[in-house]
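Below is one structure; the comments refer to it alone.
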Amino acid sequence: MSYELTTNTIWVLICTSLVFLMQAGFCCLESGLSRSKNSINVATKNVVDFFIGSLLFWLFGYGLMFGESFQGLIGTTGFAFADNSTTHWATVVFLFQLVFCSTAMTISSGAVAERMRFRSYVILACAIGAVAYPVFGHWVWARDAAGAPAGWLGKLGFMDFAGSSVVHSVGAWSALAAVLILGPRTGRFGAGADKSRFSASNLPLAALGFLILWFGWFGFNGGSTLALNGQVPSIILNTILAGIAGGVFALLWEMFSSKQISVENIFNGSLAGLVAVTAGCNVISYPSAILIGLIAGAVMLGATYLLEKYMRVDDVVGAIPVHGFAGVWGTLAVALFAEMEHIPHGITRMHLLGIQALGTAVCFVWSFGFIWVCMWTLNRFLPIRVSAGDEKIGLNVAEHGASTELHSLLETMIAHEKGDSSSRAEVDDFTEAGIVGYQYNRVLDAQEVLLSDVKDRELRYRSIMDNVMDAIITINLEGRIEEFNLGAEHLFGYLNHEVIGQNINLLIPPLHQNLQHKYSEGDLNPQLVRAIGSRQEIVAQRQDGSTFPAELAVSSVVLADREIFTGIIQDISERKEYERSLNEARKRAEAASDAKSEFLANMSHEIRTPMTAILGFTDILLGNLKEKEDIEAAHIVKRNGEYLIGVINDILDLSKIEARKIELEQVRVDTQEIVRDIAALMQVKADLKQLKLKIEFENPIPETIVTDPTRLRQVLINLLGNAIKFTETGYVKLRIQTINLEDSCAQLRFDVIDSGIGISEAALTQIYQPFTQADNSTTRKYGGTGLGLAISKRLVEMLGGQIQVSSKVGVGSTFTITVNTGSLEGVRLLQLDESSFRKAAEEQNQEHPIESGGSVASRRVLIVEDGLDNQRLISFLLKKEGMEVELADNGKLGSEQALAAQEAGNPYDFVLMDMQMPVMDGYTATRKLREAGYKHPIIALTAHAMKNDMEKCLNAGCDAYATKPVNKQKLLETISHLAAPQASEQAD
Ligand code: ADP
């Protein structure tokens, strides 16, 4: 073997290896530019098409392409390639052509990636490698035995040095046919499609593939000389320059046309330059190579835009613009840029351009047409596209069962989404998916902690819900029940599942009470609405239809998207029953208290009447008795009788106060007069004990006040009486002052101060309790019933004031009362002092001696009284004064007698009418007498000592009023006051 042959053999075998390396380049580029779920599928296709293509090319592709030509159309010899020469140069050439064929096939795999079935792709690869590529290759590159072109295009002068059209365009147009039949990937040209370029899975891998391709291209173009001659360096430099120029154009375009620089477009720009320069790299200058490369970049970008925007051709890696369109440009560029000495003799540039154009057109028609027919036919029997489901999960898994880390991460996530949280994502510190998996696991862990916390709370909440005795019910805005706890089940008799989703009206009937008219269908139950934020009593209904009183409290909670209401319902039947019985007991107690008061009132009347007789006759006895001892005994009877009357009066008062039957007067009274009366009364008692009674004024004092004088006197007499009673030496002082004079609620304040025995602190808290005394020995020593202060306290409060006490044992006590003064508008304010007060009191007594009317002697009196003792007593008293007395036993007889006397012209001077009598009482009798025209004085006699009793008597028609027991002096005063002067007296 000659030296030249040897070096050529070595060179071409090296170039063959470089071209083979381009398979690796395509593999990296195409799988890097496709989505990761399909990357394995793309790579596998690249490997497999080499197997199939090579085998078929050996079997008959090589024969078709380089066998003896039949009419320049097809090779007819050299099938199942064999080489009998000793140099094996033919084998070297075969090997070089074999890897070219694989390149043509591999170009299509990138374009049809991500949706073409693997089996269909194998058939596509076979059709390209076995027919489309060898046939067109024959037309261009076939040679006869003399080395002259044998294919019809070659014979015309068509120039395609390393296969811009033969290899690249054939591959690209075949891919276009398959892509059109396949259609775009799902979602590629949907709404907003311009932006939906799917992202490449691994751009660094694509970059590596691109560089490998470029490296292989040195062999692709450099080996096409089939000799290591002087052309090789310039061919390689042209290749590099065009590749750079294409890449630079795309880069500049990207930089100026958009914000983000598309990496794919830079790769493809450069590849387009390489493809374009392939056809003429042996015949052009370096500047031409650069120009061809630049224009190839532009052609690629323009074609990409055209295919995507207008034709909606989905070419995953951009194989068609790069290999098809740039291939066409490169083929045409040969005619434009080839140096003239390389253009076959006798052919003009324009002529060549025509031939080149024809060649590219034929290339398109043949390879596109042939593959389209093949794919269309195949598609009819065996769909060339994968199912939508397979496309979605990706061809790695669908076609090869192969998984990537990313895919298994997604699988784990999908399992979690479906509720299976048993597995965890795979973790790997050195892969992106592994790191994402690690972080995802951490998120899952955190979420699980949260979830278990939520479950924990839910459990606790459940146990509370199920263990409370009350019913807890949750409803939504439409009133539908969402939760119903165990307590509710017990209370209402429904099971949880029977009421969930039902309207709350089932349990709380809305048509209750007067709410009926306000309630319309669809409204929230009004019983419920009223209970929001406050407790309400409602009527609830059990499953058996029975109703029961309940207490309902409702709270509303606004959740993320809606409002719910939680009601707590408590059965209050027992409480209601208890309230009812309590009410009844109260009424019974009130009735009992009323009965007690009635009883006390009656008793006091019953006791008073005999006491009247006892005291009256004691008075008579006292007048008659001579012996000192007898007089003493009679005095004891009188004193005890009076004490008994006092006790009865107190009991009567207290029972009336407690039964709220006491009514107070509101009259304007002279302040000084009240103080004067009391002072006069108390002075006597103080004198008896040789105590000093001081009256002190803290001026100013209003001349008059509005109050009940009787009750005010009663209280002050009680306090002063106690002070005198419990003081042995020293003084008793009454201090009067006005308080709150500036305000509208002025009050008179009385302090009763003594230097007596005082009250212990313990006793102070109890002295206002009825029948309570500071010390039990008090009764023995001082007497008393323990009622005075109880009555005083209640009376003072009724008079609008308060009672207070401060006391020190052995030093003395101060009782303070306040009473309302009523309006002081226009009332004079006096400046008083004790001496001037006492002087005025004395003067008044002298100015107003007890008024008397005429003499009582020889007056005719009718006593209407049922009690025999009283009849006797009063008759005795009056007769003793010289009066004429007649008697009647009851109101009926009395009134008849009085009328008869008036009619007979001899009327009584007075009628003394008892008010409580059998047959006809005094009120009726008096009323009847007045109705019958009786004109003469009637004096009422009653044991009821209360103020309204007097009013009652006067209202019935009486002229005056005297109380029982009869006080002789007072009775005589009253009679004398009423008595008209007699004729004889008038004459005087
Ligand atoms: P009575 O004086 O009839 O027992 P009271 O209700 O008026 O009933 O008084 C209750 C008790 O308060 C008296 O028994 C006495 O122990 C005590 N008390 C009232 N006033 C005084 C006072 N000025 N000094 C000492 N003790 C008093």
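The values are calculated or read from the model by the stated rules, or taken from the named source; none is laboratory data. A quick note: this is a predicted structure, and the numbers were derived from the prediction, not measured. Positions of Cβ are generated from backbone atoms using ideal geometry, with glycine treated the same way; all protein chains shown enter the neighbour counts. Just the protein is used for accessible areas: all its heavy atoms, side chains included, with ligands, DNA and RNA removed. Shrake-Rupley method; radii C 1.70, N 1.55, O 1.52, S 1.80 Å.
Of note:
- Phe565, sole failed condition from (1) part of a helix (DSSP H, G or I); (2) modelled with pLDDT of 85 or more; (3) buried (at least 18 other Cβ atoms within 10 Å of the Cβ): (1)
- Filtered by the rule that a residue be among the polar types (S, T, N, Q) and either in contact with a strand residue (DSSP E or B) (Cβ under 9 Å, 6 or more places away or on another chain) or within 8 Å of the ligand (Cβ to nearest atom) (or both), the stretch 702-729 gives Thr704, Thr707, Asn718, Asn722, Thr727.
- Residue pairs whose Cβ atoms lie under 8 Å apart, sitting 6 or more positions apart in sequence or on different chains, and linking a residue in the stretch 781-797 that is within 6 Å of the ligand (Cβ to nearest atom) to a partner that is modelled with pLDDT of 90 or more and β-branched (Val, Ile, Thr), are Leu789/Ile803.
- Residue list for the stretch 409-424, filter: without any contact (Cβ under 8 Å) to a residue 24 or more places away in the chain and either out of contact with any helix residue (DSSP H, G or I) (no Cβ under 7 Å at 6 or more places or on another chain) or among the aliphatic types (A, V, I, L, M) (or both): Leu410, Glu411, Ile414, Ala415, Glu417, Lys418, Gly419, Asp420, Ser422
- Tally, over the stretch 705-733, of residues that are within 23 Å of Gln802 (Cβ to Cβ) and touching a Ser or Thr at 6+ places or on another chain (Cβ under 6 Å): 3
- The stretch 36-63, subset hydrophobic (A, V, I, L, M, F, W, C) and open to solvent by less than 50 Å² (accessible area, probe 1.4 Å), residue nearest to Val386 (Cα to Cα): Val42
- Of residues in the stretch 593-602 being open to solvent by 60 Å² or more (accessible area, probe 1.4 Å) and without any contact (Cβ under 8 Å) to a residue 24 or more places away in the chain, the one nearest to Asn870 (Cα to Cα): Asn602
- Every residue from the stretch 215-259 that is of a type in the set (Phe, Trp, Tyr), within 29 Å of Leu98 (Cβ to Cβ) and surrounded by fewer than 17 Cβ atoms within 10 Å (Cβ to Cβ): Phe215
- Condition check for Gly501: at pLDDT below 90 and in a loop (DSSP other than H, G, I, E, B): no
- Any hit, the stretch 440-463, residues being under 27 Å from Glu482 (Cβ atoms), part of a helix (DSSP H, G or I), open to solvent by less than 60 Å² (accessible area, probe 1.4 Å) and touching a strand residue (DSSP E or B) at 6+ places or on another chain (Cβ under 8 Å): no
- Residues in the stretch 763-774 that are out of contact with any helix residue (DSSP H, G or I) (no Cβ under 7 Å at 6 or more places or on another chain) and modelled with pLDDT under 80 were compared, and the one that is farthest from the ligand (Cβ to nearest atom) is Phe771.
- Taken across the stretch 537-555, residues that are modelled with pLDDT under 85 and either closer than 20 Å to Glu498 by Cβ or in contact with a strand residue (DSSP E or B) (Cβ under 6 Å, 6 or more places away or on another chain) (or both) do not occur at all.
- On the stretch given as the stretch 156-188, residues that are part of a helix (DSSP H, G or I) and either open to solvent by less than 20 Å² (accessible area, probe 1.4 Å) or touching a Phe, Trp or Tyr at 6+ places or on another chain (Cβ under 9 Å) (or both) total 19.
- All of Lys576, Lys596 fail the test of being assigned to a helix (DSSP H, G or I) and touching a strand residue (DSSP E or B) at 6+ places or on another chain (Cβ under 6 Å), apart from Lys576.
- Annotation note: of Glu825, Glu728, Glu797, the sole residue that is of a type in the set (Asp, Glu), more than 58 Å from the chain's Cα centre (by Cα) and either farther than 22 Å from Gln683 by Cβ or not in a loop (DSSP other than H, G, I, E, B) (or both) is Glu825.
- Filter pass, Leu691 being modelled with pLDDT of 85 or more and surrounded by 20 or more Cβ atoms within 10 Å (Cβ to Cβ): yes
- Looking across the stretch 603-614 at every residue that is under 15 Å from Ile874 (Cβ atoms) and open to solvent by 20 Å² or more (accessible area, probe 1.4 Å), the one that is modelled with the highest pLDDT is identified as Ile614.
- In the stretch 106-126, residue farthest from Arg385 (Cα to Cα) [restricted to those that are at pLDDT 90 or above and in contact with a Phe, Trp or Tyr (Cβ under 7 Å, 6 or more places away or on another chain)]: Thr106
- Residue check for Phe26: open to solvent by 20 Å² or more (accessible area, probe 1.4 Å) and either within 60 Å of the chain's Cα centre (by Cα) or at pLDDT 90 or above (or both): no
- Search result, residues across the stretch 99-133 that are open to solvent by 10 Å² or more (accessible area, probe 1.4 Å) and outside any helix (DSSP H, G or I): Arg117
- Cβ-Cβ under 6 Å pairs, at least 6 apart or on other chains, the stretch 665-677 side open to solvent by 40 Å² or more (accessible area, probe 1.4 Å), far side outside any loop (DSSP other than H, G, I, E, B): Gln666/Val706; Arg668/Thr704; Arg668/Val706; Asp670/Thr704
- Test: Glu339 is acidic (Asp, Glu) and over 20 Å from Val232 (Cα atoms): no
- Check on Gln683, in contact with a strand residue (DSSP E or B) (Cβ under 7 Å, 6 or more places away or on another chain), more than 22 Å from Asn820 (Cβ to Cβ) and more than 16 Å from the ligand (Cβ to nearest atom): yes
- For the stretch 740-762, the set of residues classified as away from the ligand (no atom under 16 Å from the Cβ), at pLDDT 90 or above and open to solvent by 40 Å² or more (accessible area, probe 1.4 Å) consists of Arg749 only.
- Among the residues making up the stretch 808-822, those that are closer than 22 Å to Ser755 by Cα and either buried (at least 21 other Cβ atoms within 10 Å of the Cβ) or under 57 Å from the mean Cα position of the chain (by Cα) (or both) are Gly812, Ser813, Phe815, Ile817, Thr818.
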